[in-house]
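Peer 1: Mind looking over this structure? Questions follow.
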Amino acid sequence: MTQPPEYPQGYQPPPPPTGHYPVPPAGHLPPPPPPLPYTDQYGQPYPPPQPQGTNWWAVVSLIFGVIGGVLISVIAGIVGLNKAKQGQGGRGMAIAGLVLSALWVIGLIAVFALFAANKDKIADSDFADIFDPNSVNAADIGLGDCLSEIPSDASLVASVKTVNCAEPHKGEVYFVVDVPGGDFPGQAAIIDYQDRCQPALEEFSPTAMADPEVGMFVLYPTEDSWKRGDRAVTCIATTDVPRTGSLQE
């Protein structure tokens with residue numbers, strides 16, 4: 001058996017050569033490499049997004065939404081929103097244009113509904129009468145109604161202004177008769193019905209019939225108003241000076 005060499009007392013073996021790691025004994029892994037030095041540097045930031053240009057579709061939508069160009073505003077607004085999704089600005093302008101267009105549509109519907117509800121008044125009367133709460137379709141007044149003013153032409157009357165008979169007025173409805181038939185009977189037949197107004201006033205108020213200050217005014221259907229359903233011949237006792245109360249006795 002071979003004995004290891006003996007060294008004199010105090011003798012130490014020389015160190016391994018510098019610059020080299022000692023060879024590890026069999027069965028052991030080599031040590032890990034030293035860590036890299038720490039740095040506080042980060043990667044380069046992303047470049048800022050490139051501007052996409054003006055979203056003119058949104059601008060057009062807003063302009064036409066203001067001036068009432070509904071169709072153009074809606075089309076431009078939809079395209080403008082799609083452009084905004086692709087990175088262009090103008091989303092707020094496109095939405096504003098669409099909202100204004102919707103308001104225009106609502107307003108137009110309200111105006112058309114108002115005109116449709118008052119088409120008979122619009123046909124022959126002053127436009128201001130539509131908004132007068134005391135203005136009544138001439139074909140709708142009935143027995144006992146009082147009028148604040150008397151129209152100047154019975155053939156062109158579409159509306160009249162009514163008041164409470166206790167207030168000063170110039171006319172009082174005392175007789176109403178409907179003309180029968182599906183087709184317009186002609187002016188001669190209408191005149192025959194108008195002739196009933198005088199005997200009706202004598203029955204309504206003999207004193208009024210004898211009073212020279214009391215006159216008669218007759219509303220009757222024309223061929224045009226007949227097509228709109230007007231059938232009433234309406235007899236009205238009139239005075240030049242406003243009076244209060246009823247003439248009936």
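The values are calculated or read from the model by the stated rules, or taken from the named source; none is laboratory data. All values reported here derive from a predicted model rather than from experimental measurement. Positions of Cβ are backbone-derived with ideal geometry, glycine not excepted, and every protein chain shown enters the neighbour counts.
Peer 1: Which numbered condition trips up Ile191, out of (1) over 29 Å from Ala117 (Cβ atoms); (2) of a type in the set (Val, Ile, Thr); (3) in contact with a His (Cβ under 8 Å, 6 or more places away or on another chain)?
Peer 2: Every listed condition holds for Ile191 apart from (3).
Peer 1: Residue check: is Pro185 exposed (fewer than 12 other Cβ atoms within 10 Å of the Cβ) and assigned to a loop (DSSP other than H, G, I, E, B)?
Peer 2: no
Peer 1: Of the conditions (1) at pLDDT below 60; (2) outside any helix (DSSP H, G or I), Val136 satisfies every one except a single condition; which number is it?
Peer 2: So the condition that Val136 fails would be (1).
Peer 1: Could I ask something else about it? So, Ala237, is that one closer than 16 Å to Pro168 by Cα and in the same structural domain as Val176 (by the TED database) or not?
Peer 2: Judged against the criteria, Ala237 is a match.
Peer 1: OK, next. Looking only at segment 198-223, which residues are over 46 Å from the mean Cα position of the chain (by Cα) and in a helix (DSSP H, G or I)?
Peer 2: Listed by number, the residues that qualify are Gln198, Pro199, Ala200, Leu201, Glu202, Glu203, Phe204, Pro206, Thr207, Ala208, Met209, Ala210.
Peer 1: Right, another one. Identify, by number, the condition in (1) free of Cβ contacts under 8 Å to residues at least 60 places away in the same chain; (2) out of contact with any strand residue (DSSP E or B) (no Cβ under 6 Å at 6 or more places or on another chain) that Pro151 doesn't meet.
Peer 2: Going through (1) free of Cβ contacts under 8 Å to residues at least 60 places away in the same chain; (2) out of contact with any strand residue (DSSP E or B) (no Cβ under 6 Å at 6 or more places or on another chain) one by one, Pro151 breaks only (1).
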